[in-house]
Structure formats: structure tokens, C-alpha cells
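First the structure, in the form of C-alpha cells, and then the observations on it.
Bear in mind these aren't lab numbers, they're just calculated from the coordinates by the rules spelled out. All values reported here derive from a predicted model rather than from experimental measurement. Cβ coordinates were reconstructed from backbone atoms using ideal geometry, including for glycine residues, and neighbour counts include every protein chain displayed.
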Amino acid sequence: MAGFGSDGSNPDVGLLYDINGLAKDAPSWFDRVMEFVGEYGIMLAMVLVVLWCWWSVRRRGSVDDSVAAVAGLVWAPLAAGIALLVNIPIRGFVERPRPFVDHQGLEVLVGGKTDYSFVSDHATMAMAIGAGLFVANRRFGLAAIGLALAEGFCRVYMGVHYPTDVIGGFALGTAAALLLAPVALALLTPLVSAVARSGRIGWLVRSRKAPVRGRHETLDIPEPRLGSGPGAGSGESDLAA
């Protein structure tokens, strides 16, 4: 399947040239910015969104709400890791070369890419985190999904992926985060609940001001739902203390 998507008449290739063509018309400083953003910047922004969400959910709502949300936050990077592992055999099976290998005239902003192209690791990881974060908190999840979409655009703009590489990554990341979420949260929620009851590290899950139940009491954790974090779907700001 090494020739997948290499036909110049393929709309996938045409869209590749259209998006990557923007890099040729852009000033060099802008291309350098896009190179940093596409390689590192958006993923760093993802980390900041996750930390911001954690800081927000642990400061508001009940302990039960914080436990459910933090369990979702822990699941987000785990889902990304699982999706990347699943992508290893997919890449080996498809064996799709990078677009600049089969197509001339592309403006390649990042050199040294010698591995296969389908599917995009960056798009997979970004969307897995976005979908996983959506499980924890709808508003922060939507922000992360927006960043994931921007990551996909950057990968095509940089000339290192076809559009379908990115779409495949989005599908893989979303599937890993959402399909495995019920099982993952069922395992993570009791662990996070135990951390919340701890006197030393409970602050990782709940506010120091939140009341702590007795050692032998169990928290009444609601069944996790998509976007069930505190503030999801309400008009209140997630930054409220």
C-alpha cells in the first residue's frame, strides 16, 4: 500500500498543494513561526490547557465533581499514548511515504522526516488529548479540540503530511479517547477518589477548603458522562474560585 494517495489527480494531493502553497507566499519569519507552532507550540498549549482545566476543576464544585473531572484529565494523556501505540502497526501496514518524497515543488518547513506519513502522530496525539479533555470538561475540551484542528492544518502547511494523514489521526485519536473512556474511568475514578481522601496529596484533586470525608467513607461519585465536568453546559465561568 506504499502508493496510497500518490496520484497527482487525487483531491488529497490537490488540497496538499493548496495549503502548502500558502507557505511559499508567506514571509520567511511566518514560516518559522508555523514550524515552531506545528512541531512544538500547539502541544505545549495543550499541556497548558490541561493544567488550566485541572486548576479550575479542583477549586470549584464538590469533591465528587473534582474526582470525576480529574479522572478524565488523567485519562486524556493516557488515551494519547494508547493511540500512538495503535498507530505503530497502522504505519507499518500502510507504508505511505511522506508527501515530499512523491511530489515535487512542496515547501517543506521541517527536514529529517524519514518515517511513514499515515497517520499523523501529532494529529493523533492532539485529538486524543482534546477528546479526553472533553470527557473531563466540555468547555476546556472544546478549546483543546480547536487546538488539535490547528495542529492538523499546520502539519499540512509544513509539507510533512497529506490532509488524509491528519484526518486519519483525528479519527484514531477520537476513537481511542472515547471508546475506551468508560473502562478507563471505571478504573481511574476509585484511584483518584483515594487520592482525594489523602491528607498529604489530596490537594491534587480537591481544594484544601473542601471538606474531606472519613477514611472509611466512600465518595458518592456519579457515573462519568461526556463533558460532565463542573461548569459543562452552564453559563458560569470555569475560572470562578
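At-a-glance table
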{"quantity": "Modelled FRET efficiency - R0 30 Å, LEU15 with LEU180, Cβ distances, 0.05 increments", "calculated": "0.45"}
{"quantity": "Percentage of interatomic Cα-Cα distances in segment 73-206 larger than 18 Å", "calculated": "58 percent"}
{"quantity": "Sorted by Cβ density within 10 Å, fewest first, the residues MET43, MET125", "calculated": "MET43, MET125"}
{"quantity": "Highest average packing first - 18-28, 147-157, 193-203, Cβ atoms within 10 Å", "calculated": "147-157, 193-203, 18-28"}
{"quantity": "Stretchable slack from PHE36 to VAL86, in nm (0.36 nm times residue separation minus alpha-carbon distance)", "calculated": "15.4 nm"}
{"quantity": "Ranked VAL63, VAL101, criterion: other C-beta atoms within 10 Å, fewest first", "calculated": "VAL101, VAL63"}
{"quantity": "Sites LEU44 and LEU204, calculated FRET efficiency, Cβ-Cβ separation with R0 30 Å, nearest 0.05", "calculated": "0.90"}
{"quantity": "Relative contact order (percent, whole number), segment 1-109, Cα cutoff 8 Å, 6+ residue spacing", "calculated": "52 percent"}
{"quantity": "Segment 1-121 - Kirkwood radius from inverse mean 1/r over Cα pairs (Å)", "calculated": "17.5 Å"}
{"quantity": "Label zone at SER28, where the point sits 7 Å out along the Cα-to-Cβ direction: segment 136-175 residues whose backbone N lies under 20 Å", "calculated": "158-159"}
